[in-house]
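The values are calculated or read from the model by the stated rules, or taken from the named source; none is laboratory data. Only a predicted model underlies this, so the values are computations on that prediction, with no experimental measurement involved. With ideal geometry, Cβ positions are generated from the backbone for all residues, glycine too; neighbour counts draw on all protein chains shown.
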């Protein structure tokens, strides 16, 4: 084990020990390392909603409000009725009234549905609430209020015919909705990492205990590395510059596969770097690459399309503010209300000038 790994484990142990003990100091083995988390720090992280509804916030929201919120925040990636397959796997579809009665989705066994949707697979309604609350919308996670999450979830449940069109979902009736989830009886705990009842009876062939030893095999090891698959040179930049497509976190970056950009003046480089940083900060790069399509067009495509048009800047500024659909395909771009007017102007100018990253 490396020194880094030992240090990291020490920090985790110290922090956990301090939190459990409620003291400001660290564990005895590592004095001076770690402290107890404050109540505010714990509260900021403790937002998960469990299947037994522990952690569920108070609130309510109806189907009609959820439909409006869905079209504003969600339809651009999931489609107006949650059935789009253009960006992500459909959320709605593949379930029947019989599934709601039995709590087991027949299409998961028969394979009648062309692909598995969210409502086919998920057994607990709390999972949907928890994920929407923590991770959505994609470009602005945790920006929805509890009432908005209830409303959006109510709309999804209505699309799946789990609740009626006039339904108002709340912390008071969500347990009743759980009893109508199409796959509520379809989850199994018959595996090693979550032993469940079968494992308790020794049904896993290992005395009912999960395999957590992870012993290294160390047999029949290859003596040398053999590369059996590689991207050919001619296809390196088939999908744009890979270095520009990685998410802006972590230490791993994509291999540069694009053509070298022309040398720009120092002031242009500084402005390009600032605009690129702003585009990452505001979530623009989740849907647009600089030189490649993701959900929407690449910025190079936009610059080329509007090249020489005197009114291009004003038109694009308005489109970013209010949203739009149809110019680049069926997936709409939602209004970007979290970006200020000055920031929009900066981004549009940068895009029309070629979206230089450096």
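Tabulated data
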read-out	value
Selection within the stretch 93-132 - closer than 17 Å to residue 158 by Cα, within 17 Å of the chain's Cα centre (by Cα) and free of Cβ contacts under 8 Å to residues at least 60 places away in the same chain	117, 118, 128, 132
Single unsatisfied condition, residue 165 versus (1) within 24 Å of residue 187 (Cα to Cα); (2) more than 20 Å from the chain's Cα centre (by Cα)	(1)
Flag for residue 52 being outside any helix (DSSP H, G or I) and at pLDDT 80 or above	yes
Any chance residue 165 is touching a residue at least 60 places away in the same chain (Cβ under 8 Å) and under 17 Å from residue 334 (Cβ atoms)	no
Residue ID - surrounded by the fewest Cβ atoms within 10 Å (Cβ to Cβ), chosen from residues in the stretch 255-282 that are modelled with pLDDT of 65 or more and either over 16 Å from residue 345 (Cα atoms) or in contact with a strand residue (DSSP E or B) (Cβ under 6 Å, 6 or more places away or on another chain) (or both)	255
Total residues in the stretch 55-96, condition closer than 23 Å to residue 336 by Cα, in a helix (DSSP H, G or I) and in contact with a helix residue (DSSP H, G or I) (Cβ under 7 Å, 6 or more places away or on another chain)	5
Test: residue in the stretch 316-337 that is part of a helix (DSSP H, G or I), surrounded by 15 or more Cβ atoms within 10 Å (Cβ to Cβ) and more than 25 Å from the chain's Cα centre (by Cα)	yes
Qualifying residue in the stretch 133-145 (condition: in a helix (DSSP H, G or I), under 16 Å from the mean Cα position of the chain (by Cα) and surrounded by fewer than 18 Cβ atoms within 10 Å (Cβ to Cβ))	yes
Every residue from the stretch 328-348 that is more than 14 Å from residue 287 (Cβ to Cβ) and without any contact (Cβ under 8 Å) to a residue 60 or more places away in the chain	337, 340, 341, 342, 344, 345, 348
Unique residue being loosely packed, with under 10 Cβ neighbours inside 10 Å and at pLDDT 80 or above when the list is 179, 224	224
Flag if residue 322 is under 30 Å from residue 83 (Cβ atoms), assigned by TED's automatic domain parsing to the domain that holds residue 282 and without any contact (Cβ under 8 Å) to a residue 40 or more places away in the chain	yes
